[in-house]
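Asker: First the structure, which I've put down as C-alpha cells, then a few questions once you've had a look.
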Amino acid sequence: MATDNHAAPAWPPKQRPPGAQPVNAMKPRKMRGSLAGRAWKALVWGLMAFFLLNVMLLIATVAVNSVATRWFGTPLPQGFTLHWYAKAWEDFQLASVLWVTVEVVGAVVLLSVALGVPAAYALARVRFRGKRFALLVFLLPLMVPPVTYGIPMATVMYKVGLAGTLPGVILANLVPALPFVILVMTPFIEQIDPNLEAAARIFGANTWRYFRYVLLPLLVPGMLAAGLLVLVRTIGMFELTFFTAGPSTQTLVVALYYAVFSTGVRAPQSIDAMAMIYMAITLVWVVIALQFVSPTQLVSRVKQERQ
C-alpha cells in the first residue's frame, strides 16, 4: 500500500512587532476612550445647561415680578398689571435717563471709532521706536480694573469742573473704549495688503481717493465690529459713569443702582420693571447692531485672509 510521505508545509506563525498588542486588547481601550470623551462632553453640556437654566430662571423671576400685582408664597402671582412700568417711568425719570444714555453711548462709539482707527492704522503700518510701549500704553485701561484709574480721573474732573457734566461722562467712558477699538482694528488692518495703496497710486489716486474708494470699504466691517463692542461695553459701564456722573447725567445702569440702594421706600416691582427696561433696551441695541455686522463672519473672514 502506497503512502504519501510528503506532509503539508508548516508555515511559521506570524510574529507581532515588539510592543504591539492584540487586536482584541485594543478594543476595550478604544471603548474606554470613547466613554471618557462622552462623559466629558456630557459634563460640559450639563454645566452649560445648568448655568443657562439659572440665568433664565432669574430673568423670568424678574420679568414676572415686574408685572405682578402681588406675588408671595404662591407659584404664580395673584394678578398681572403694567402699573409698575408706568410708576418706574415716572419715579425714576426714565425719559431723561434714556436720552442721556443714548447721547453718551452714541458719542463714545463715534469718537472712539474716529480716533481709534487712525491710531490702529499707524500701529499696523508705521514702524517706529517704542511701538510696543505705545501699544502697551493704549491697552493699559483694558488690563487694569476701572476703579484703579477711575477715582483719580474723577478727582481731576472735579477740580477742572468736568465732573457731573455730559462731556465729562463721555470722556470718562472714552478712556477704555478707545483702546478697545485699537485692539480690534490693529490686527484687522494688518490683514489688508499694503500693495493696494501702491497700486492705487500708480493709477493716479490721491490720498483722499485711496482712503474713500479703497481703504474705507475694507475697514467698514472692522469698524462696525469695534463699534458694536464699544456699544455693549459702554451701556454696561458702571464704575466710570458712577464716579463722574451727576444727577442730570446718569445713564440707565447708574440710575438702576440708585433706584436699588438709595434711601427711601420703593416697591420691588418698580425696580424690577426698571431692570427689565434696561435689559430690553440693551437687547434692542445689540440686535440692531448685529444687523450691520456679524462677529462670526468677521472672524471667518480674517481666517480666510490669513490662509
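Asker: So how do 223, 48 line up by other beta-carbon neighbours within 10 Å, fewest first?
Answerer: In increasing order of surrounding Cβ atoms, one gets 48, 223.
Asker: Normalising by the residue count of the range 115-271, find the relative contact order in percent from Cα pairs under 8 Å and 6+ residues apart.
Answerer: 33 percent
Asker: Related question: Residue 35 to residue 248: FRET efficiency via 1/(1 + (r/R0)^6), r the Cβ-Cβ distance, R0 51 Å, to the nearest 0.05?
Answerer: E(calc), rounded to 0.05, equals 0.20.
Asker: Report the full-extension gain for the segment residue 201 to residue 286: residue separation times 0.36 nm, less the Cα-Cα distance, to one decimal in nm.
Answerer: 26.7 nm
Asker: Order of 118-130, 242-254 by packing, highest average Cβ count within 10 Å first?
Answerer: Details: 118-130: 13.6, 242-254: 19.8.
Ranked by mean Cβ neighbours within 10 Å, highest first: 242-254, 118-130.
Taken together, the values in this text are just the output of simple stated rules run on the coordinates, not laboratory data. Note that this is a predicted model, so its numbers are computed, not measured. Cβ coordinates were reconstructed from backbone atoms using ideal geometry, including for glycine residues, and neighbour counts include every protein chain displayed.
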